[in-house]
Amino acid sequence: MSMILKRKLKFDSSILGTKGHWDGAYDRELDCFDETGDVGEIWFGKSCLKTMVKAVSQLPELNKESKMIDLGCGNGMTLIELAKLGFKNLHGSDYSEKGIELAKKIRDQENFEFINYFIDDITKSNIQETFDVVLDKGTFDAIALSENRDEMKILYKQHVETILKSDGLFIITSCNYTENELKKYYTGDGDQSNFIYMTNVQYPVFKFGGSKGSTQTTLIFKKK
Ligand SMILES: C[S@@+](CC[C@H](N)C(=O)[O-])C[C@H]1O[C@@H](n2cnc3c(N)ncnc32)[C@H](O)[C@@H]1O
C-alpha cells in the first residue's frame, strides 16, 4: 500500500477490502506452503514483526499467560513469533477459511499446537469471550478499504471494545493511518471514549524530500 495514502484521511475502496481477495491470496499461499514450505506474505516485513513482538513482550502489563487474540491473523506469523517468546495463551481469528487453514498448517509445523485459530468475521462476530490483549497488524487497514468502510470501521471499533477486558491492551499496527489519525479515531471522543492512548512502538525512521517518517505505525491503547 502506497505511502502517499498515509496522508489521506479517506481512502478509495480497494480489492484489499474484499474477502474474495484474501481467500484467493491464501489459496495461492497454501499451495506454495505445501510445495516449498514458504509461509507467505509477512505484512510490513519481518523487521516490523520482530520489533513489534519484542516491544509487546516487554510491556509491564503483560505476562506469558496473558490471553491474546490477533484479529485478522492471516498466516498467523505474529502469533508464531509471540509463541517463540514464550507466550502461551494465544488465539487468532480471520474471516478467510483459507487463511486459517494456512495458519494451522504453519502452527503444526512449528509445534505450537496450543495456538487456537478459528474463523470469525470481525463485523459480525460470534466471539463470546474477552481477552487481555487485542492485536491487529494490517486488518483495520484492510477493513478501511472496504466499500462501506465507515460502517465497517465503526463495527470494528465496537468489536474491539466488546472483546477486550477492562485495562486490556489494544495494539494496532497500520501503514494507512498516521499516529495522529489513529489516536483521533480511537480516543477522539474524549471522556466518552473507551480507549486511553498509552505508548507507541519505535521503528527506524527514514528521510525523504526533507520529511521524516516510518512505513508503519504501532500504537498501544488501554481500555478503560
Ligand atoms: C493485511 S492482512 C494482515 C494479515 C496479518 N494480520 C498479518 O499481519 O500478516 C489483513 C487480514 O485481515 C483479514 N480480514 C479483513 N477483513 C476481515 C474481517 N471483516 N474479519 C476478519 N478478518 C478480516 C484478511 O483476511 C487478512 O488476513
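Points to keep in mind about this one:
- Helical contribution to [θ] at 222 nm, DSSP H n ≥ 4, -39,500 (n - 2.57), averaged over the chain, rounded to 500: -11000 deg cm²/dmol
- The trypsin sites (Lys or Arg not before Pro) found in the stretch 63-101 that occupy coil by DSSP, while having at most 11 further C-beta atoms within 10 Å, are LYS64.
- Once the chain from ASN111 to LEU85 is taken as fully extended at 0.36 nm per residue, the excess over their C-alpha distance is 8.0 nm.
- With a cut-off of 10 Å between beta carbons, the residues surrounding GLY92 carry a summed charge of -1, where Lys and Arg count +1 and Asp and Glu -1.
- Gyration tensor verdict on the stretch 1-133 (Cα atoms; rounded if a/c is under 1.5, prolate if a/b is larger than b/c, oblate otherwise): rounded
- Cα gyration tensor shape of the stretch 99-206, rounded if a/c is under 1.5, else prolate or oblate by comparing a/b with b/c: prolate
- Split the chain at each of the GluC sites (Glu not before Pro) in a DSSP loop with at most 12 other beta carbon atoms within 10 Å, and the longest piece is 148-224.
- For the chain, the mean projected area of the C-alpha convex hull, equal to one quarter of the hull surface, is 12.2 nm².
- Compared with the alpha-carbon gap, the fully stretched path from ILE154 to LYS67 is longer by 28.9 nm at 0.36 nm per residue.
- The modelled label-to-label distance for the pair VAL205/GLU41, using points 7 Å beyond Cα in the direction of Cβ, is 2.9 nm.
Each reported figure results from applying straightforward, stated rules to the coordinates on display, with no laboratory input. All figures in this text were calculated on a predicted structure; none of them were measured in a lab. All Cβ positions, even for glycine, are placed from backbone atoms using ideal geometry, and neighbour counts span all protein chains on display.
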